[in-house]
Amino acid sequence: MTTAFFSHDDCLKHTMGAEHPESPQRLAAIVSYLADTELEQTLDWIKPEEITRDQLLAVHPERYLHQLDLMQPTRGRVFTDPDTAMMPDTLRAARLAAGANVQAVDMVMSGQITNAFICARPPGHHAERTKSMGFCFYNNVALAAARALNFHHLERIAVIDFDVHQGNGTVDAFQGDDRVLMCSSFQHPFYPHSHVHRQAENIVNTPITAGTSAKDYRKIVEAQWLHKLQDFKPQLVLVSAGFDAHRLDPLAELNLEAEDYRWLTDMLTSVAHDSANDRLISTLEGGYHLKALAESVTAHLEGLSAIR
């Protein structure tokens, strides 16, 4: 039983400016915090490879990929939206983050590892098929799902998104696809203000009011997700792991603590154990208070490593 930790130093080179919350310090804080725990020695540390063009095409059309290639500057920064900037090292980092997700799917499906956490950036769940937004360029978790569906021929995949912002890009990729059950909790009303009221049966949106207590969050999520996931019987569980619903996060107004992320992890590993041979892959999305992020990721990893 092995939990893999995917990370690459080149993901630190992408920077959108000194004051931007989606900073390289996010990854550095996680790795530094883990170095002081016993958990570090139990993880299988893996340096990912870049995703290939053909693998990107499973979600994003060539015209979009070509547009990003043309936009990437040789110096300075270019903004793709008011919050999202590209610089010379951006697409290299994005290809590594996406590649880690695809590589994790292959390794989990081959039995080399039990589950995985991808500690990479930029994040992905806001990237739609033909649109970069919300700090995201390629949709990492959607690319992982596409790999599992198209290459490994799985028939049922669960995508869980507990970031404080709704994973509009993943909804855009899979709404109406009955091979994918997506469960997404998010503060509402809140960015990105889209895809909340889509009625596709395979999308379970769980809007959470600002100020909701962690206790009530747990009750809402368990009631809306657990039985649907158990009935769906996923063969693989994919997680968009955003930790910005933490009470200290500067970009949101929910009240989770590190222990609540451990609770979420335990619920999801239980689902993976029951129907997916423990196969679960989690990829970092949001989380912008560095100490809270590091503590929450560690709690998440403790849950993954303690899988039955």
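The values are calculated or read from the model by the stated rules, or taken from the named source; none is laboratory data. In this text the structure is predicted, and so the values were computed from the model without any measurement. Cβ coordinates were reconstructed from backbone atoms using ideal geometry, including for glycine residues, and neighbour counts include every protein chain displayed. Heads up: the accessible areas ignore ligands, DNA and RNA and are worked out on the full protein's heavy atoms, side chains in. Shrake-Rupley method; radii C 1.70, N 1.55, O 1.52, S 1.80 Å.
For the reader, a short list of remarks on this structure follows.
Every residue, every condition in (1) open to solvent by 10 Å² or more (accessible area, probe 1.4 Å); (2) charged (D, E, K, R); (3) in contact with a strand residue (DSSP E or B) (Cβ under 8 Å, 6 or more places away or on another chain); (4) under 24 Å from Ala98 (Cα atoms), yes or no:
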site: Leu238; (1), (2), (3), (4): no, no, yes, yes
site: Ala241; (1), (2), (3), (4): no, no, yes, yes
site: Pro250; (1), (2), (3), (4): yes, no, no, no
site: Leu256; (1), (2), (3), (4): no, no, yes, no
site: Asp266; (1), (2), (3), (4): yes, yes, no, no
site: Asp274; (1), (2), (3), (4): yes, yes, no, no
site: Asn277; (1), (2), (3), (4): yes, no, no, yes
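Residue-wise test of (1) over 27 Å from Arg218 (Cβ atoms); (2) in contact with a Cys (Cβ under 7 Å, 6 or more places away or on another chain); (3) of a type in the set (Phe, Trp, Tyr); (4) open to solvent by 10 Å² or more (accessible area, probe 1.4 Å).
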position	(1), (2), (3), (4)
Gly134	no, no, no, no
Ile160	no, yes, no, no
Gly169	no, yes, no, no
Gln175	no, no, no, yes
Val180	no, no, no, no
Phe186	no, no, yes, no
Pro189	no, no, no, yes
Pro192	no, no, no, yes
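- Remark: Arg53 matches the filter, which requires a residue to be out of contact with any Ser or Thr (no Cβ under 9 Å at 6 or more places or on another chain), farther than 21 Å from Gly134 by Cβ and open to solvent by 50 Å² or more (accessible area, probe 1.4 Å).
- Only one entry in Ala58, Ala93, Ala28 is small (Gly, Ala, Ser), assigned to a helix (DSSP H, G or I), within 19 Å of Tyr138 (Cα to Cα) and open to solvent by less than 60 Å² (accessible area, probe 1.4 Å), namely Ala93.
- Filter result for Leu304 (under 18 Å from the mean Cα position of the chain (by Cα) and either among the hydrophobic types (A, V, I, L, M, F, W, C) or surrounded by fewer than 15 Cβ atoms within 10 Å (Cβ to Cβ) (or both)): yes
- Count of segment 279-297 residues, restricted to those that are open to solvent by 10 Å² or more (accessible area, probe 1.4 Å) and either assigned to a helix (DSSP H, G or I) or in contact with a helix residue (DSSP H, G or I) (Cβ under 8 Å, 6 or more places away or on another chain) (or both), is 5.
- Some residue of segment 12-23 being at positive phi, out of contact with any helix residue (DSSP H, G or I) (no Cβ under 8 Å at 6 or more places or on another chain) and open to solvent by 20 Å² or more (accessible area, probe 1.4 Å): no
- Every residue from segment 146-200 that is farther than 18 Å from Phe243 by Cβ, outside any loop (DSSP other than H, G, I, E, B), touching a helix residue (DSSP H, G or I) at 6+ places or on another chain (Cβ under 7 Å) and touching a residue at least 60 places away in the same chain (Cβ under 8 Å): Arg147, Ala148, Ile157, Ala158, Ala173
- Any chance Leu143 is touching a residue at least 40 places away in the same chain (Cβ under 8 Å), open to solvent by 10 Å² or more (accessible area, probe 1.4 Å), of a type in the set (A, V, I, L, M) and outside any loop (DSSP other than H, G, I, E, B): no
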